[in-house]
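Step one of this worksheet: look at the structure below.
The values are calculated or read from the model by the stated rules, or taken from the named source; none is laboratory data. Just so we're clear, the structure is a prediction, and the values are computed from it rather than from any experiment. For neighbour counting, all protein chains shown are included, and Cβ atoms are generated from backbone atoms with ideal geometry for every residue, glycine included. For the accessible areas, the whole protein counts, side chains as well, though only heavy atoms, and no ligand, DNA or RNA atoms are used. Shrake-Rupley method; radii C 1.70, N 1.55, O 1.52, S 1.80 Å.
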Amino acid sequence: MSWVWRFETATGAVVDPSEVGGTEFSAQGDAESWLGEIWRELTEKGVGQVFLLEDGREVYGPMSLEAQE
């Protein structure tokens, strides 16, 4: 199994994973942990929301990366 994030701007435009350091993961927990560590950097690169995919199938999303006040 392969877990990847799809990155989008806040308006829904797709962001190329190679531009933001996206990678493949072998487990869902690894993908989620990685996102938890790097989400602020992603927002600085223009990512506004993400979707988690397992072998191309959407598991969940969109999930906003906007900080909650």
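Helix-only estimate, please: 222 nm mean residue ellipticity of the chain, summing -39500 (n - 2.57) across DSSP H runs of length 4 or more and dividing by its residues, to the nearest 500.
On the way: 2 runs with 21 residues, N = 69.
Theoretical 222 nm ellipticity from helices: -9000 deg cm²/dmol.
Roughly how big is the chain's charge dipole about its Cα centre, with Cβ charges of +1 (Lys, Arg) and -1 (Asp, Glu), in debye to the nearest 20? Before the final figure, lay out the partial values.
On the way: 4 positive and 14 negative charges, 20 e Å.
It works out to roughly 100 debye.
How far is helix 28-44 tilted, in degrees, relative to the longest principal axis of the Cα atoms in the chain, given as a value from 0 to 90 rounded to the nearest 10?
Helix 28-44 sits roughly 20 degrees off the main axis of the chain.
Over the chain, what percent of the accessible surface lies on carbon and sulfur atoms, probe 1.4 Å?
Values: 2040 of 4360 Å².
On the chain, the fraction of accessible area on carbon and sulfur atoms equals 47 percent.
Per residue, how many Å² of accessible area does the chain show with a 1.4 Å probe? Could the numbers behind the result be given before it?
On the way: 4360 Å² over 69 residues.
Here the per-residue accessible area is 63 Å².
Net charge near residue 63, counting Lys/Arg +1 and Asp/Glu -1 over other residues with Cβ under 14 Å of its Cβ? All intermediate terms of the calculation are to be shown ahead of the outcome.
Working: positive: 6; negative: 8, 32, 58, 66.
After counting each charged neighbour, the total is -3.
Under the definition of Cα pairs under 8 Å and six or more residues apart, what whole-number percent is the relative contact order of the chain? Intermediate values should be presented prior to the final figure.
Numbers: 107 pairs, mean separation 26.2, N = 69.
Answer for the chain is 38 percent.
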